[in-house]
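Single-structure report; data block below.
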């Protein structure tokens, strides 16, 4: 059930103030130090942000998808690094458990995930399995009451902070039907996490390799039946793609506002930049695309809340919104001119930050394949 309007409006107002008063002033510091201050993380826990999507029965806020994307839109007004602090708990790190976990598994883990006591992470990508996610080579071999888990996962978000991983591993035949899902505590013997990677953007949001060397995972930690892991992963990604789409829209709206403010203030040839029609054209294109992406995200969220499948719509939203925000960021740099290339203004940082959206949780090319497949299957 959705929150009552007054409660939800209060949540949005609180998030908006957090973003404008606490997070945006820290953007440059977080990028330089590659770390989000613990005081900010504590505030997010206190606000319940780690449990946005977790049902109220397990200590979360239990937001509908329509409500969740509106929160994500607000977090788009600042660097996406801050959303990443709780993003895996809200999305890919918890939703497999929410969708496919047993009641005992949910009772054991979800309340602590919702409170932020546990940070979760989703371990699917491998050195040889990225877009081809059905080809995972990490293996889980049944040995009595445990599975012995061995393999390497790559580019795993929040891995160095995580207490619990949702791991996709091969238990059977080649291909998607041989993949199973497991809840793997980070403190199990044989689980090691590598150093955070140096990245193009989103400094402060860490990705690391995770290695499993005969890690003994209790059989009761398997999510669903053997062979259901790939299906679980795809359902999780449908939801995650829509959330990411909303973040892209929020960032685009912030970039448009920043570009308009700069173009109004900055003068050339005796008049504001905003008076020049070619600058106006860039603003118009950016505003129009952001509005279109917002409409697509909100419509898809409403469709999900109605109980209908959203594989096609979520892929379309992710594809359009992630490509759109890249174009908007590029135009913003152009409007700022030389200032857009200088770190002090922050535009170049957002330009680098948004590039990742076209890659993770399914590249743009994978989204195109999904969109085409579903469209053909549905007869257009």
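Derivation of every value follows stated rules applied to the coordinates shown; laboratory data play no part. What you see is a predicted model; the values in this text were computed from it and never measured. Note: ideal-geometry Cβ built from the backbone for every residue, glycine included; neighbour counts use all protein chains shown.
Screening 293, 281 for residues that are surrounded by 17 or more Cβ atoms within 10 Å (Cβ to Cβ) and in a helix (DSSP H, G or I) leaves exactly one candidate, 293. Scanning the range 75-84 for residues that are surrounded by 23 or more Cβ atoms within 10 Å (Cβ to Cβ) and part of a helix (DSSP H, G or I) yields a total of 5. How about the range 354-369: which of its residues are surrounded by 18 or more Cβ atoms within 10 Å (Cβ to Cβ), in contact with a helix residue (DSSP H, G or I) (Cβ under 6 Å, 6 or more places away or on another chain) and in a helix (DSSP H, G or I)? If the condition is that a residue be surrounded by 18 or more Cβ atoms within 10 Å (Cβ to Cβ), in contact with a helix residue (DSSP H, G or I) (Cβ under 6 Å, 6 or more places away or on another chain) and in a helix (DSSP H, G or I), then 354, 357, 358, 367 are the ones that fit.
Here is the figure for the range 119-133: residues that are in contact with a helix residue (DSSP H, G or I) (Cβ under 9 Å, 6 or more places away or on another chain), surrounded by fewer than 17 Cβ atoms within 10 Å (Cβ to Cβ) and closer than 20 Å to residue 172 by Cβ total 1. Just one of the listed residues (296, 242, 223, 255) is under 17 Å from residue 318 (Cα atoms) and in contact (Cβ under 8 Å) with a residue 60 or more places away in the chain, and it is 242.
If you go through the range 341-353 and keep only what is assigned to a helix (DSSP H, G or I) and under 26 Å from the mean Cα position of the chain (by Cα), you end up with 343, 345, 347, 348, 349, 350, 351, 352, 353. With respect to (1) more than 30 Å from residue 32 (Cα to Cα); (2) without any contact (Cβ under 8 Å) to a residue 40 or more places away in the chain; (3) surrounded by fewer than 19 Cβ atoms within 10 Å (Cβ to Cβ); (4) more than 22 Å from the chain's Cα centre (by Cα), the lone exception for residue 172 is condition (2).
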